[in-house]
Amino acid sequence: MIRLSVNVNKVATLRNSRGGNNPDLIQVAKDCERFGAQGITVHPRPDERHIRYDDVYALKETVTTEFNIEGNCEEKKFVDLVLAVKPHQVTLVPDALNQLTSNHGWDTITHKRYLQDMVKCFKDEGIRVSLFVDPITDMVEAAAETGTDRIELYTEAYASHYHQGIELAAAPYVQAGEMAQKVGLGLNAGHDLDLKNLRYFAQHIPGLQEVSIGHALICDALYYGLENTIQMYLQRLAV
């Protein structure tokens, strides 16, 4: 079974745009779980423009499925937060300061020694670690040498080229999935996956365990409602 983790960043963005607590981020996370999501993902950034650090502590107390925190481990504030909260999983993403959204994975060859140290830091505290990587087999293979438990494939390229040729768009991810299985890594994926492109991806990427979806899912919920939308995404994953 491929698990669906709902990224609630966009809910926080909407809340922050007017102040107050509407929509209620914590209640939305609870409802996502109640409607069938198997995890909640957040990606706090230093400026707290969407998820606030206080939100992360509050979610830790309420999430009953899997709690996944994404972020840049080069920021001490982020590292301290994760070590204090101890989520089920931390996904390490090489974001630049003030970056709008994640747009590339780790160079696991160049940064192998650094990533080994960071992976150990979190695993020593019982936190499962996933590294955000591009669908390049050399990067996947080198990721295994860092000691990480999983990788998360950055799927923007797949989503961008999906309509130009689905098999061609998926091919690097198939190869990356095969390499992950070969070197013993768990496999997650995320970024721009949606109702149109998710089913094919879920059916064809070997070893896929979890997808993290936020922007598209929240946009779809405006039309279909949150409960119905989550069920639609779960159906796409039921391969």
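With a sphere of radius 10 Å drawn around the Cβ of M179, what net charge do the other residues whose Cβ falls strictly inside it have (Lys, Arg +1; Asp, Glu -1)?
On the way: positive: K182; negative: D138, E141, E178.
That sum, taken over residues with Cβ under 10 Å, equals -2.
Identify which of G105, G19, G190 has the largest mean-square fluctuation in a Gaussian network model of the chain, with springs joining Cα atoms closer than 10 Å.
G19
Skip the ligands, DNA and RNA, and give the accessible area per residue of region 1-145 with a 1.4 Å probe, whole Å². Mind showing how you got there, number by number?
Values: 6480 Å² over 145 residues.
Result: 45 Å² per residue.
Sequence neighbours fewer than 8 away in the same chain don't count; with that in mind, list the aspartates and glutamates whose C-alpha is under 13 Å from K86.
E61, E66, E70, D124, E125
How much accessible area per residue does region 168-239 have, counting only protein heavy atoms and a probe of 1.4 Å, in square angstrom? Don't jump to the answer; show the numbers that get you there.
Values: 3250 Å² over 72 residues.
Spelled out: the 1.4 Å probe surface of region 168-239, per residue, equals 45 Å².
Which entries in K10/K123; K10/K30; K77/K123; K76/K123 show an alpha-carbon gap greater than 23 Å?
Values: K10/K123 29 Å; K10/K30 15 Å; K77/K123 18 Å; K76/K123 17 Å.
From K10/K123; K10/K30; K77/K123; K76/K123, over 23 Å: K10/K123.
Could you work out the longest stretch of the chain that avoids the trypsin sites (Lys or Arg not before Pro) located in DSSP loops with at most 13 other Cβ atoms within 10 Å? Kindly include the intermediate steps, with their values, before the conclusion.
On the way: sites that count: R18, K196.
Longest site-free region, per DSSP loop and neighbour criteria: 19-195.
Calculate the FRET efficiency for M232 and V183 from the Cβ-Cβ distance with a Förster distance of 35 Å, rounded to the nearest 0.05.
0.55
How long is the chain along each principal axis, judged by its Cα atoms, biggest number first, in Å?
If we take the Cα atoms of the chain, the spans are 46, 39, 29 Å.
Taking the Cβ of H204 as the centre, find all other residues whose Cβ is under 13 Å away and add up their charges (Lys, Arg: +1; Asp, Glu: -1). Kindly include the intermediate steps, with their values, before the conclusion.
Numbers: positive: R199, R236; negative: E167, E178.
In short, 0.
I'd like the carbon and sulfur percentage of the solvent accessible area for region 1-142, probe radius 1.4 Å, heavy atoms only, ligands and nucleic acids excluded.
Working: 3190 of 6340 Å².
Within region 1-142, the accessible surface is 50 percent carbon and sulfur.
Which of I127, I213, Y114 sits farthest toward the positive end of the charge dipole of region 103-239, with +1 on the Cβ of Lys and Arg and -1 on the Cβ of Asp and Glu?
I127
As a test of the formula, what do you get for the chain when each DSSP H run with n ≥ 4 contributes -39,500 (n - 2.57) and the sum is divided by the residue count, at 222 nm and rounded to the nearest 500 deg cm²/dmol? Could the numbers behind the result be given before it?
Details: 11 runs with 111 residues, N = 239.
Dividing the helical sum by the residues of the chain leaves -13500 deg cm²/dmol.
Considering region 19-121, what Rg and Dmax in Å follow from its alpha-carbon atoms?
Looking at region 19-121, its Cα Rg and Dmax stand at 14.5, 44 Å.
What relative contact order, as a whole-number percentage, does region 64-218 give when Cα pairs under 8 Å and 6 or more residues apart are counted? Provide the component values of the computation, followed by the final result.
Details: 270 pairs, mean separation 27.1, N = 155.
Result for region 64-218 is 17 percent.
Roll a 1.4 angstrom probe over the protein heavy atoms and tell me the percent of accessible area of region 148-239 that is carbon or sulfur. Spell out each step's value before the answer.
Working: 2030 of 4180 Å².
Exposed carbon and sulfur together represent 49 percent of the surface.
So for region 1-86, taking the charge dipole from beta-carbon charges (+1 Lys/Arg, -1 Asp/Glu), which of N22, H50, M1 sits furthest toward the positive end?
N22
The values are calculated or read from the model by the stated rules, or taken from the named source; none is laboratory data. Computed from a prediction, not measured in an experiment: that's the story for all the values here. We place every Cβ from the backbone using ideal geometry, glycine too, and count neighbours over all the protein chains shown. Keep in mind that these areas ignore ligands, DNA and RNA; they rest on the heavy atoms of the full protein, side chains included. Shrake-Rupley method; radii C 1.70, N 1.55, O 1.52, S 1.80 Å.
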